[in-house]
Amino acid sequence: MSDPENEPDGAAEVEEFLAFIEQIELCLQRGEHNEVYAELKRQGYDTRAVKKIVALRKRVPADVEKEDALLDTYKRRLGMDGCDERCGQPEA
(Lines give C-alpha, C1' and ligand atoms only; values in the text may rest on other atoms or scores of the structure.)
Protein backbone atom coordinates (compact mmCIF):
# COMPACT_ATOMS: atom_id res chain seq x y z
CA MET A 1 0.00 0.00 0.00
CA SER A 2 1.58 3.21 -1.06
CA ASP A 3 -0.46 5.40 1.30
CA PRO A 4 0.75 5.03 4.92
CA GLU A 5 -2.80 5.49 6.16
CA ASN A 6 -3.75 2.27 4.34
CA GLU A 7 -1.06 0.17 5.98
CA PRO A 8 -2.22 -3.07 7.57
CA ASP A 9 -2.77 -2.30 11.25
CA GLY A 10 -5.49 -4.60 12.52
CA ALA A 11 -4.54 -8.12 13.58
CA ALA A 12 -6.50 -9.65 10.69
CA GLU A 13 -4.90 -7.31 8.15
CA VAL A 14 -1.42 -8.02 9.49
CA GLU A 15 -2.03 -11.77 9.37
CA GLU A 16 -3.35 -11.50 5.81
CA PHE A 17 -0.30 -9.46 4.77
CA LEU A 18 2.05 -11.96 6.45
CA ALA A 19 0.26 -14.79 4.63
CA PHE A 20 0.91 -12.98 1.31
CA ILE A 21 4.59 -12.56 2.21
CA GLU A 22 4.95 -16.23 3.15
CA GLN A 23 3.11 -17.28 -0.02
CA ILE A 24 5.51 -15.18 -2.10
CA GLU A 25 8.48 -16.79 -0.35
CA LEU A 26 7.16 -20.26 -1.17
CA CYS A 27 6.28 -19.34 -4.75
CA LEU A 28 9.71 -17.79 -5.34
CA GLN A 29 11.22 -21.23 -4.89
CA ARG A 30 9.01 -22.48 -7.73
CA GLY A 31 9.14 -19.33 -9.88
CA GLU A 32 5.39 -18.78 -9.56
CA HIS A 33 5.31 -15.51 -7.60
CA ASN A 34 3.88 -13.16 -10.26
CA GLU A 35 0.27 -14.07 -9.44
CA VAL A 36 0.78 -13.28 -5.75
CA TYR A 37 2.33 -9.89 -6.56
CA ALA A 38 -0.56 -9.16 -8.93
CA GLU A 39 -3.06 -9.90 -6.14
CA LEU A 40 -1.16 -7.69 -3.71
CA LYS A 41 -1.20 -4.88 -6.25
CA ARG A 42 -4.97 -5.31 -6.79
CA GLN A 43 -5.41 -4.91 -3.03
CA GLY A 44 -3.46 -1.65 -3.04
CA TYR A 45 -0.06 -2.78 -1.77
CA ASP A 46 3.11 -1.28 -3.23
CA THR A 47 4.79 -4.30 -4.82
CA ARG A 48 8.20 -2.63 -4.87
CA ALA A 49 8.07 -2.21 -1.09
CA VAL A 50 6.82 -5.78 -0.68
CA LYS A 51 9.75 -7.07 -2.73
CA LYS A 52 12.10 -5.21 -0.38
CA ILE A 53 10.39 -6.82 2.62
CA VAL A 54 10.79 -10.27 1.09
CA ALA A 55 14.48 -9.58 0.43
CA LEU A 56 14.99 -8.31 3.99
CA ARG A 57 13.41 -11.45 5.45
CA LYS A 58 16.03 -13.55 3.63
CA ARG A 59 18.88 -11.70 5.35
CA VAL A 60 20.44 -12.11 8.78
CA PRO A 61 18.68 -9.65 11.14
CA ALA A 62 21.95 -8.40 12.63
CA ASP A 63 23.23 -7.54 9.14
CA VAL A 64 20.04 -5.62 8.38
CA GLU A 65 20.31 -3.67 11.65
CA LYS A 66 23.95 -2.83 10.98
CA GLU A 67 23.17 -1.61 7.46
CA ASP A 68 20.18 0.44 8.68
CA ALA A 69 22.32 2.09 11.37
CA LEU A 70 24.98 2.99 8.83
CA LEU A 71 22.38 4.35 6.42
CA ASP A 72 20.88 6.47 9.22
CA THR A 73 24.34 7.83 10.04
CA TYR A 74 24.96 8.83 6.43
CA LYS A 75 21.49 10.41 6.13
CA ARG A 76 22.10 12.49 9.26
CA ARG A 77 25.46 13.67 7.89
CA LEU A 78 23.70 14.84 4.74
CA GLY A 79 20.91 16.54 6.66
CA MET A 80 18.38 13.97 5.49
CA ASP A 81 17.11 12.93 8.92
CA GLY A 82 13.49 13.98 9.23
CA CYS A 83 13.41 13.80 5.45
CA ASP A 84 10.59 15.67 3.73
CA GLU A 85 9.64 16.27 0.09
CA ARG A 86 13.08 17.87 -0.48
CA CYS A 87 14.98 14.62 0.14
CA GLY A 88 17.47 14.01 -2.58
CA GLN A 89 16.96 17.48 -4.00
CA PRO A 90 19.81 20.01 -4.11
CA GLU A 91 19.39 23.13 -2.01
CA ALA A 92 17.99 26.06 -3.99
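The values are calculated or read from the model by the stated rules, or taken from the named source; none is laboratory data. None of the values given here were measured: they were computed from a predicted structure. Glycine gets a Cβ as well: all are built from the backbone with ideal geometry, and neighbour counts include every protein chain shown.
Here the helices (runs of 4 or more DSSP H) wholly within the chain that include at least 3 residues being modelled with pLDDT of 90 or more and not hydrophobic (A, V, I, L, M, F, W, C) are 11-30, 47-58, 61-77.
Each row is one residue, and each column tells you yes or no for (1) loosely packed, with under 10 Cβ neighbours inside 10 Å; (2) free of Cβ contacts under 8 Å to residues at least 12 places away in the same chain; (3) within 23 Å of F17 (Cα to Cα).
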residue: R57; (1), (2), (3): no, no, yes
residue: E65; (1), (2), (3): no, yes, yes
residue: K75; (1), (2), (3): no, yes, no
residue: M80; (1), (2), (3): no, yes, no
